[in-house]
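In what follows, a structure is listed as structure tokens, so that the remarks can point back to it.
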Amino acid sequence: MTLKRFEEARTLLRKAMPVIRRTLGENDELTLNLRWGYAQSLYNAVDATLDNLSEAVETLADAERIARRVLGGTHPLSVNIESSLRLSREILCEAASEAV
């Protein structure tokens, strides 16, 4: 995500995710990595909506559950997804409080 092309990443991953899931399965490490990247593209975007932020949190919560089960809680990907989940929840809470 260093190039900060979140809209392009989001568009590409939104199209690719169903194919990747069908081909590799939900439990594959690459699938989890791409879901993590997709969620980051949602919550890091400057124009992220509450729906985008909610989708990011849901995606990361599901990916974190799978990563812990498949890879273990200390695997670097599990740790990274968990960290992103905490951050995305904070961003969602901030955005929701500002919307009120």
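Taking Cα pairs under 8 Å and at least six residues apart, what relative contact order does the chain come out at, in percent?
25
Could you give the angle, 0 to 90 degrees to the nearest 10, between helix 76-99's Cα long axis and the longest principal axis of the Cα atoms of the chain?
Between the helix axis and the principal axis of the chain, the angle is about 20 degrees.
So how strong a dipole does region 6-99 carry about its Cα centre when Lys and Arg Cβ are +1 and Asp and Glu Cβ are -1, to the nearest 20 debye?
So the dipole magnitude of region 6-99 works out to roughly 420 debye.
Among A45, A56, A16, which one shows the biggest mean-square fluctuation in a GNM of the chain, springs joining Cα atoms closer than 10 Å?
Residue with maximal mean-square fluctuation among A45, A56, A16: A16.
Let me know the shape class of the chain, please: from the alpha-carbon gyration tensor, a ≥ b ≥ c as square roots of the eigenvalues, rounded when a/c is under 1.5, otherwise prolate if a/b is greater than b/c, or oblate. Kindly include the intermediate steps, with their values, before the conclusion.
Values: a/c = 2.04, a/b = 1.35, b/c = 1.51.
Oblate, since a/c reaches 1.5 and b/c is not below a/b.
Hey, what angle do you get for helix 29-43 against the long axis of the chain, alpha-carbon based, 0 to 90 degrees rounded to 10?
The answer is roughly 0 degrees.
Count the net charge of all other residues whose Cβ sits under 12 Å from the Cβ of Y43, scoring Lys and Arg as +1 and Asp and Glu as -1. Could the numbers behind the result be given before it?
Details: positive: R10, R86, R89; negative: D47, D51, E55, E58, E90, E94.
Around Y43, the charge tally is -3.
For helix 50-71, what angle does its Cα long axis make with the longest principal axis of the chain, in degrees from 0 to 90 and rounded to 10?
Roughly 20 degrees, rounded to the nearest 10.
Tell me the GluC sites (Glu not before Pro) within region 4-48 that lie in a loop according to DSSP and have at most 14 other beta-carbon atoms within 10 Å. Walk me through the numbers on the way to the answer.
Details: sites: E7, E8, E26, E29; in loops: E26.
Filter output for region 4-48: E26.
Just so you know, all these numbers are worked out from the coordinates, no wet-lab data involved. Everything numeric in this text was worked out from a predicted model, so none of it was measured. Note that we place each Cβ from the backbone using ideal geometry, even for glycine, and neighbour counts take in every protein chain shown.
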